[in-house]
Amino acid sequence: MHRPRKEMIAETRAKLIAAARHAFGTVGYAESSMDDFTASAGLTRGALYHHFGDKKGLLQAVIAEIDGEMALRVSEVASKAPTRWQHFVDECTTYIEMALEPEIQRIVFRDGPAVLGDPAQWPNASAC
């Protein structure tokens, strides 16, 4: 059965992001290669260039995915709070707990700023 083009594009992007996230999270941005991502995802370098432009663009996509996951997790936890104060405390606690995860530390707090510059200038910074 023929799948819609949109679905195939989303699947290709998701495979590349997952492969890059694993590599960035385990060996870091500098030590990972585009060949590692494409081989792991079973795709070509052309697919990577088409969807992300370059390794830096792929890092931006990985960080955007992580930011989205963090925002969702913070929101889910905080939404159960009985008071505004507890909501704030739960948001802060959840964010700090996630920030202590090795994958997030390496990708978002170390490699991200080193490669992409000031996090306040990242495209998804306004979501905070």
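The values are calculated or read from the model by the stated rules, or taken from the named source; none is laboratory data. Since this is a predicted model, take the numbers as computed values, not measurements. Here the Cβ is made from the backbone with ideal geometry for all residues, glycine too, and neighbour counts use every protein chain on show.
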**OP:** Examine the stretch 24-31 for a residue that is under 30 Å from residue 7 (Cβ atoms) and loosely packed, with under 13 Cβ neighbours inside 10 Å, and state whether such a residue exists.
**Re:** yes
Original post:
If you check 74, 115, 108, which single one turns out to be in contact (Cβ under 8 Å) with a residue 12 or more places away in the chain, in contact with a Ser or Thr (Cβ under 6 Å, 6 or more places away or on another chain) and hydrophobic (A, V, I, L, M, F, W, C)?
Top reply: 74
Original post:
When residue 81 is evaluated against the numbered criteria (1) loosely packed, with under 13 Cβ neighbours inside 10 Å; (2) more than 30 Å from residue 6 (Cα to Cα); (3) small (Gly, Ala, Ser), which criterion, by number, is the only one it fails?
Top reply: (1)
Subject >> Matching helices (runs of 4 or more DSSP H) fully within the stretch 28-128 where at least 1 residues are over 23 Å from residue 10 (Cα atoms), out of contact with any Lys or Arg (no Cβ under 7 Å at 6 or more places or on another chain) and not hydrophobic (A, V, I, L, M, F, W, C) >> reply: 55-78, 84-99, 112-116
Original post:
Considering the stretch 32-62 alone, what residues qualify as being polar (S, T, N, Q), surrounded by 13 or more Cβ atoms within 10 Å (Cβ to Cβ) and closer than 22 Å to residue 102 by Cβ?
Top reply: 32, 40, 60
**OP:** Determine whether residue 15 is modelled with pLDDT of 90 or more, over 17 Å from residue 107 (Cα atoms), surrounded by 12 or more Cβ atoms within 10 Å (Cβ to Cβ) and out of contact with any strand residue (DSSP E or B) (no Cβ under 8 Å at 6 or more places or on another chain).
**Re:** yes
